[in-house]
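K.L.:
Let me give you the structure first, and then I'll get to my questions.
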Amino acid sequence: MFFDLFRRKKNKDIEDVVLSEADEKRNRMWDLWAEGEIESPYNELMTYQSEVNNGGHHQYFLNTENNGDVRKDIDALCTILPGVLTENIQTAFKSYVELEQDKNIEANEEILEKCDDVFWENEEMINSILENYRFIH
């Protein structure tokens with residue numbers, strides 16, 4: 001009973017949160033992505049952002065490779081990513097391939113970590129691309 005009081009209070013606080021229109025649109029976009037309803041290349045961009053944020057480029061490539069055609073997805077991304085991020089994903093993929101072939105393991109792990117850093121330093125560019133897509137559609 002005592003703990004239910006806190007549980008209700010916490011849930012009430014969550015219910016009282018009012019999202020801005022932009023936040024509601026962002027949430028709807030992620031819902032559509034989860035349902036597979038976002039068109040290419042924005043679908044690939046949202047997958048890329050989600051995977052890199054959860055486990056870096058290594059996780060992104062591994063999961064994409066296991067679920068589809070990673071090269072096709074990278075090509076789609078390169079159509080909308082700015083130059084710095086296009087170059088970054090291509091560098092990361094090259095290192096991922098070499099790492100999977102057990103070539104220069106330490107060096108390629110270091111390159112992937114640097115590519116993760118470049119992604120996070122420039123993630124606002126990705127957010128901007130998604131914001132523009134969100135408001136157009």
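All of the numbers you see were taken from the coordinates with simple rules; none came from a lab. Keep in mind the model is a prediction, meaning the values are calculated, not measured. Glycine also receives a Cβ, built like all others from the backbone with ideal geometry; neighbour counts cover every protein chain displayed.
K.L.:
Arrange the following residues from fewest to most other Cβ atoms within 10 Å of their Cβ: Cys78, Cys115. Let's see the in-between values first.
P.N.:
On the way: Cys78 16, Cys115 25.
Taking fewest neighbouring Cβ atoms as first place, the list is Cys78, Cys115.
K.L.:
Tell me, which longest segment in the chain has none of the GluC sites (Glu not before Pro) that fall in DSSP loops with at most 15 further Cβ atoms within 10 Å? Before the final figure, lay out each step's value.
P.N.:
Numbers: sites that count: Glu35, Glu37, Glu39.
Longest gap between qualifying sites, sites excluded: 40-137.
K.L.:
With bins 10 Å wide starting at 0, give me the P(r) of the chain over every alpha carbon pair, in whole percents.
P.N.:
11, 36, 26, 15, 10, 2
K.L.:
How far, in nm, would the chain grow between Lys114 and Ser40 when pulled straight, counting 0.36 nm per residue and subtracting the alpha carbon separation? Don't skip to the end; give the middle numbers.
P.N.:
Numbers: separation 74, 0.36 × 74 = 26.64 nm, distance 2.70 nm.
Once the chain is fully extended between Lys114 and Ser40, it gains 23.9 nm.
K.L.:
On to the next question. Only sites in a loop by DSSP and with at most 12 other Cβ atoms within 10 Å count here; which trypsin sites (Lys or Arg not before Pro) in the range 10-106 make the cut?
P.N.:
For trypsin sites (Lys or Arg not before Pro) across the range 10-106 that sit outside H, G, I, E and B with at most 12 neighbouring Cβ atoms in 10 Å, the list reads Lys103.
K.L.:
Still on this structure, please answer the following. Nearest 0.05, what FRET efficiency do Leu19 and Asn122 give at R0 = 25 Å with Cβ-Cβ as r? Before the final figure, lay out the partial values.
P.N.:
Values: r = 26 Å, r/R0 = 1.05.
Step by step, r from the Cβ atoms, then E = 0.40.
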